[in-house]
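The values are calculated or read from the model by the stated rules, or taken from the named source; none is laboratory data. Because the structure is predicted, anything quoted here is derived from the model rather than measured. Note that we place each Cβ from the backbone using ideal geometry, even for glycine, and neighbour counts take in every protein chain shown. Heavy atoms of the whole protein, side chains included, go into the accessibility calculation; ligands, DNA and RNA do not. Shrake-Rupley method; radii C 1.70, N 1.55, O 1.52, S 1.80 Å.
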Amino acid sequence: MKFAVVSIFPEMIEAFLSRGIVSRARANKTLEIEVIQLRDYTHDAHRTTDDYVYGGGGGMVMKPAPVFECIDDYATRNGPFKVVFPSPQGQIFDSARAEELARQENLLFLCGRYEGIDERLMNLVDYELSIGSFVVSGGEIPALLMIDAISRFVPGVVGNERSVKQDSFYNGLLDHANWTRPAVYRGLEVPAVYVNGHHQEIEKARKRDSILRTILKHPKLFLEKEIGPEEKNAIIEIIRELSTDAG
Ligand code: SAH
């Protein structure tokens with residue numbers, strides 16, 4: 001899979017991409033990532049990518065020409081691709097969207113700055129996506145965040161694929177608690193089943209923990225989840241126990 005990121009701060013993007021899982025996937029060619037300096041598509045001495053907003057009130061907006069030219073050029077060098085515009089006004093980016101976008105061949109992220117982009121640029125955008133109902137000062141962090149989450153669903157990026165499937169949200173549940181050595185630290189113990197248990201007991205304890213955490217921390221996930229009979233029984237059992245605990 002290929003990602004491109006168009007930004008006036010390419011060094012921010014490269015800094016993040018030079019470490020961790022995504023950088024490894026880049027090195028072994030599972031992922032290709034092209035970072036594009038938008039200023040390379042300007043024609044003035046100052047390499048200007050923004051201009052005053054029409055109508056007054058102050059504030060700068062990203063000019064249409066450099067972005068149109070940049071994306072035209074990208075199109076001449078690539079097969080089909082989709083354009084993602086990170087924006088607080090977009091649909092919320094979530095795990096299902098990450099999984100969906102991981103099936104694309106080529107995604108170009110357009111990082112906004114200032115007050116945002118000239119509205120005519122929306123003609124180029126296939127996905128307008130938000131990382132949450134707040135405003136950050138540029139599209140770089142949102143784009144990196146989305147690239148990281150999408151990459152995890154690209155086969156071969158996360159070494160242990162089981163971990164992606166066990167991660168929160170993938171199965172409509174939160175991940176179970178994890179523990180590592182030592183078995184006792186400052187008097188705090190790892191539950192015995194994880195230390196001594198057999199495979200099946202551990203799997204059962206993990207599933208129970210996932211359900212319990214989802215009930216306590218993120219119960220709305222159950223509204224969208226298909227629940228099988230075995231899971232339903234486990235949920236009812238846990239809710240019964242919680243009700244008894246509550247007296
Ligand atoms: N004036 C705009 C915000 C501009 S912030 C508004 O109120 O809608 C500058 C850029 O940062 C945006 O163009 C976008 O690319 C990015 N950005 C800011 N908040 C974001 C969010 N919650 N999700 C995704 N991108 C965001």
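Listing for the model above:
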| quantity | calculated |
| --- | --- |
| Over the chain: helical MRE at 222 nm, DSSP H runs n ≥ 4 each giving -39500 (n - 2.57), nearest 500 | -11500 deg cm²/dmol |
| Carbon/sulfur fraction of accessible area - the chain, other protein chains in place, 1.4 Å, % | 52 percent |
| Using θ = phi - 60° and Karplus 6.51 cos²θ - 1.76 cosθ + 1.60, couplings along the range 78-91 (whole Hz; Gly, Pro as x) | 9, x, x, 8, 10, 9, 10, 10, x, 7, x, 8, x, 5 |
| The range 91-193 - accessible surface per residue (Å², probe 1.4 Å) | 56 Å² |
| Sorted peptide list for 82-91, 122-131, criterion being average Cβ within 10 angstrom, highest first | 82-91, 122-131 |
| Accessible surface, 1.4 Å probe, highest first, among residues Met1, Met146 | Met1, Met146 |
| Distant-in-sequence amide H partners of Val83 (H built 1.01 Å from N, under 5 Å) | Leu108, Asp126, Tyr127 |
| Solvent-accessible ranking of Arg47, Arg206, largest area first, probe 1.4 Å | Arg47, Arg206 |
| Whole-Hz couplings from phi, Karplus 6.51/-1.76/1.60, listed for the range 148-160; x for Gly and Pro | 4, 5, 5, 4, 4, 8, 7, x, x, 7, 8, x, 9 |
| Under Karplus coefficients 6.51, -1.76 and 1.60, residue-wise ³J(HN,Hα) of the range 45-54 in Hz, glycine/proline x | 4, 8, 6, 7, 10, 10, 8, 5, 6, 4 |
| Sequence ranges 223-231, 65-73, 153-161, 38-46, ranked by mean other-Cβ count within 10 angstrom, highest first | 65-73, 153-161, 38-46, 223-231 |
| Column: log10 I(q)/I(0), Debye, Cα scatterers of the range 1-127, q = 0.15, 0.16, 0.17 Å⁻¹ | -0.77, -0.87, -0.98 |
| Mean projected area (nm²) of the alpha-carbon convex hull when the range 53-203 is viewed from all directions | 13.5 nm² |
| Relative counts (whole %) of C-alpha pair distances in the range 80-152, using bins that are 10 Å wide | 21, 58, 21, 0 |
| Rounded to 5, the percent of DSSP beta bridges in the chain classed as antiparallel | 20 percent |
